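The values are calculated or read from the model by the stated rules, or taken from the named source; none is laboratory data. In this text, all values refer to a predicted model and were calculated from it rather than measured experimentally. All Cβ positions, even for glycine, are placed from backbone atoms using ideal geometry, and neighbour counts span all protein chains on display. Just so you know, the surface numbers come from the protein's heavy atoms only, side chains and all, with ligands and any DNA or RNA stripped out. Shrake-Rupley method; radii C 1.70, N 1.55, O 1.52, S 1.80 Å.
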Amino acid sequence: MGKTPRSVLQGLYGDEIKGQVRSQLVEDSLGEAIKRRGLQIVSRPEIEANDPEEGRGFSFSAVFEVKPDVNVNDYSGVEVEKVRLSVSDAQVDEALRRLQESHARLEPVENRDVVKQGDFVTLDFEGSIAGKSFPGGKGENYLLEVGGGRALPQFESAVIGLKVGARETIQLTYPEDYPNREIAGKVVEFSLIVHEIKQKVLPTMDDEFAKDHGECASLDDLKASIRTRLGNELERLQKEELKEQIVNRLIATHPVTPPPTMVERQTRYLMERYQNRVPGQARPESESPTSMEEIRKSMEARAMRQVQATLLVERISQLERIEVADKEVQERVDQLARAAGDKAKSVREMYSSSDARDELRAQITFDRTVNVLLERAKIKEVDPPVYKVDESGEKS
């Protein structure tokens with residue numbers, strides 16, 4: 001069996017072989033250099049390299065961004081202010097009212113067949129513009145709270161006075177700034193027929209209500225339970241606000257310039273979250289390219305602050321030797337999966353990758369570190385601000 005001459009092989013595969021050798025040399029050498037210098041790169045390296053030749057040295061250059069060296073000091077005993085707040089009787093009464101509203105029932109109105117403000121009506125409607133129907137302009141057995149603010153105010157007002165079983169026609173002029181551009185500023189004619197009128201009936205607030213809906217022995221016990229729950233929520237919110245103050249003080253007293261790549265990556269993440277805030281919903285027409293550019297600038301500022309906070313807190317966690325074990329990461333994944341309900345499988349699949357778990361570990365480490373800083377912070381309690389109302393009714 002004959003052999004192909006080396007010169008022929010080099011001619012056929014020389015460029016491919018050189019490329020493979022070059023890539024391997026760069027990968028091995030760059031990896032070793034990064035490890036030796038303890039660098040944390042945050043961008044894809046841009047490589048310039050010559051072709052490897054027999055009897056000649058091989059060299060290359062690599063340009064990439066690295067995490068900056070962050071120096072932090074005096075991070076214990078950060079001074080923060082906590083506003084003295086307590087749960088008021090009015091807040092308890094409002095929570096009790098919402099609980100009562102959540103257990104209200106709708107009952108048919110027997111002694112009246114004309115719609116009035118506050119009624120709940122079941123109706124059919126069909127809208128048209130210049131005799132032509134339009135998407136979303138038709139509904140059957142639609143439940144409308146008259147005056148509830150869930151439909152166009154003019155539509156709700158037009159329903160007042162309608163009689164059960166009688167078909168009526170109304171005309172409405174939609175506002176110029178109405179989100180649906182197809183009907184904005186146009187006159188729409190609706191054919192309506194009300195099938196039934198219902199009224200909301202609230203349960204009586206007494207000891208029996210407390211037993212049935214609050215798992216309490218009495219109404220007073222229910223109020224006490226609500227006060228405790230509201231107090232716990234207030235304490236949680238105040239704790240988060242104190243942690244925010246600590247992070248802001250760290251950023252203010254430890255200037256750090258993040259790598260542009262990290263800021264850009266976080267900006268993209270925030271923009272994606274913003275644009276997907278309502279899955280499947282198209283971007284509102286009011287969000288012009290100009291406003292979206294302003295939104296992006298706002299997101300860039302937020303991203304800058306978040307990356308600064310991440311770098312500073314990450315450095316503090318290293319100094320404090322705060323670590324998160326694999327077991328703790330798995331416990332958090334299990335917790336998130338339980339909270340996701342029927343989407344638990346998707347959550348577990350998402351955190352099956354090492355990158356996702358590393359990100360979760362970093363998040364847990366961040367939270368734990370800030371909690372340590374909060375424990376050591378100097379908390380000063382201050383009175384809530386007092387607002388003065390001038391003759392025009394404006395707060396000052």
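Structural remarks
- Packing-based ranking, highest mean first, of 237-244, 363-370 given that Cβ atoms within 10 Å are counted: 363-370, 237-244
- Highest average first, the peptides 257-267, 208-218 ordered by how many other beta carbon atoms sit within 10 Å of their residues are 257-267, 208-218.
- Cleavage-rule hits (GluC sites (Glu not before Pro)) in the stretch 98-172: DSSP loop, at most 14 neighbouring Cβ within 10 angstrom: E110
- Net charge over other residues, Cβ less than 14 angstrom from the Cβ of R112 (K, R count +1; D, E count -1): -2
- Residues E215 and N111, FRET efficiency given R0 of 22 Å [Cβ-Cβ distance, rounded to 0.05]: 0.05
- Peptides 299-305, 103-109 ordered by packing proxy, namely the average of other Cβ atoms within 10 Å per residue, highest first: 299-305, 103-109.
- Within the shell defined by Cβ-Cβ distances under 12 Å, the residues around D207 carry a net charge of -3, with Lys and Arg each +1 and Asp and Glu each -1.
- The 3J(HN,Hα) values that the Karplus relation (6.51, -1.76, 1.60; θ = phi - 60°) gives for the stretch 263-269 are, in residue order, 5, 5, 4, 5, 4, 4, 4 Hz. Gly and Pro appear as x.
- Sequence-distant lysines (8 or more away, or on other chains) whose Cα lies within less than 25 Å of K132: K186
- L312 - accessible surface, heavy atoms, 1.4 Å probe, Å² rounded to 10: 0 Å²
- Taking a straight line from the alpha carbon of K67, these lysines sit under 28 Å away, with near neighbours fewer than eight places off in the same chain left out: K35, K243, K297, K327.
- Amide H to amide H distances under 5 Å link E196 with T122, where only residues 5 or more positions off or on other chains count and H is placed in the peptide plane.
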